[in-house]
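To start, the structure itself, in structure tokens.
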Amino acid sequence: MLNEFKTFIARGNVVDLAVGVIIGAAFTSIVKSLTKNLINPLIGLFIGKIDLSGLVFSVGDAHFRYGLFIDSIINFLIIAFVVFLMVKVINKIMRNAAKKTTAPSASEAYLKEIRDLLQEKE
């Protein structure tokens, strides 16, 4: 069982996933800091409050902290946008790599030869 676990952990996909989770957690803390220290004060200039996390409305004894919710939405949008850009770049790189490594099949090579011969006769 220990060897099976060792084989599982040594797989590239598991290691890649672990690295992704660690980097994602670090990136999340950066985005939270960006939101808290730069974006929220900028938004606060327009609505008159610098700290959005302090926005609360109360109904009876219940306190609804919608400012924290706005912070979470901003964090999500930033992270989602950066992930979108990363996936877009990775897809572009993969497409370019696939174009360079794809060799023509035998039938494509024959068709090109036939086309070239027909063009020579004209």
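Each value in this text was obtained by applying a stated rule to the coordinates, not by laboratory testing. Remember, it's a predicted structure, so these values are computed and weren't measured experimentally. For neighbour counting, all protein chains shown are included, and Cβ atoms are generated from backbone atoms with ideal geometry for every residue, glycine included.
Brief remarks follow.
- Yes/no for PRO41 being surrounded by 10 or more Cβ atoms within 10 Å (Cβ to Cβ) and in contact with a Lys or Arg (Cβ under 8 Å, 6 or more places away or on another chain): no
- Residue among ALA18, ALA106 that is surrounded by fewer than 10 Cβ atoms within 10 Å (Cβ to Cβ) and of a type in the set (A, V, I, L, M): ALA106
- Spans of helices (runs of 4 or more DSSP H) in region 1-100 with at least 1 residues within 19 Å of the chain's Cα centre (by Cα): 12-34
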